[in-house]
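Peer 1: Got a structure for you, questions after.
What follows draws every value from the coordinates through simple rules; no lab data is involved. These numbers come from a predicted model, not from an experiment. Note that each Cβ is placed from the backbone with ideal geometry, even for glycine, and that neighbours are counted across all protein chains shown.
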Amino acid sequence: MAITGECFCGKVTYRINGKLRDARSCHCSRCRKAFSSQASAYAEVASDAFEWLTGENLLTTYESQDGYGLQFCSRCGSTLCGIYDGKIHGITLGCVNGDPEIEIGMHIFVGSKAKWEVVPEGVIQFDKGPPT
Ligand SMILES: [Zn+2]
Ligand SMILES: [Zn+2]
């Protein structure tokens, strides 16, 4: 069954004809700003499995560095996906509808988490990025 997602105002919607991979949460200071949250929560997706259903014209892209960027709804501000070189490589789990049948597999950059955050137990944590 396809995975669907949408922004807060509901104008931008998408469908994924495939599975999500490598769900993770990053606690670095950049992700906190980008996601306006204690951490990011995202998963990778094959760009050819992803399609916008509605509202693609409302998307705004912010490229942070070296071709990496985020796309968000210009109406409500939800961050929907990460892009590289103009192609979608990952989606934010907060905008997914229902159960995408994946769980956060690791917490990364926990060493630079916000002082006020309590990281949940029971999932592997790395002070920095995952070992390569
Ligand atoms: Zn919206
Ligand atoms: Zn990060």
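Peer 1: Under 7 Å between Cβ atoms, which residue pairs at least 6 apart in sequence (or on different chains) link something in region 81-96 that is buried (at least 20 other Cβ atoms within 10 Å of the Cβ) with a partner that is acidic (Asp, Glu)?
Peer 2: Close Cβ pairs (under 7 Å, with a partner that is acidic (Asp, Glu)) amount to GLY90/GLU44; CYS95/GLU6.
Peer 1: Among the residues of region 8-55, count how many are aliphatic (A, V, I, L, M) and within 16 Å of ligand 1 (Cβ to nearest atom).
Peer 2: Looking only at region 8-55, we keep the residues that are aliphatic (A, V, I, L, M), and these are 12, 16, 20, 23, 34, 39, 41, 43, 45-46, 49, 53.
Next, from what is left, pick out any that are within 16 Å of ligand 1 (Cβ to nearest atom): 12, 53.
Of the residues in that region, 2 qualify.
Peer 1: Would you confirm whether or not region 98-107 contains a residue that is within 16 Å of ligand 2 (Cβ to nearest atom), part of a strand (DSSP E or B) and over 22 Å from GLU6 (Cβ atoms)?
Peer 2: Looking through region 98-107, at least one residue is within 16 Å of ligand 2 (Cβ to nearest atom), part of a strand (DSSP E or B) and over 22 Å from GLU6 (Cβ atoms).
Peer 1: Then there's this: Of the conditions (1) in contact with a His (Cβ under 9 Å, 6 or more places away or on another chain); (2) of a type outside the set (D, E, K, R); (3) under 23 Å from ILE3 (Cβ atoms); (4) assigned to a loop (DSSP other than H, G, I, E, B), VAL119 fails just one. Which one is it?
Peer 2: So the condition that VAL119 fails would be (3).
Peer 1: What number of residues within region 22-55 are free of Cβ contacts under 8 Å to residues at least 40 places away in the same chain and charged (D, E, K, R)?
Peer 2: Within region 22-55, residues that are free of Cβ contacts under 8 Å to residues at least 40 places away in the same chain and charged (D, E, K, R) number 4.
Peer 1: So which residues in region 1-49 are within 17 Å of GLY69 (Cα to Cα), more than 13 Å from the chain's Cα centre (by Cα) and buried (at least 17 other Cβ atoms within 10 Å of the Cβ), if there are any at all?
Peer 2: CYS28
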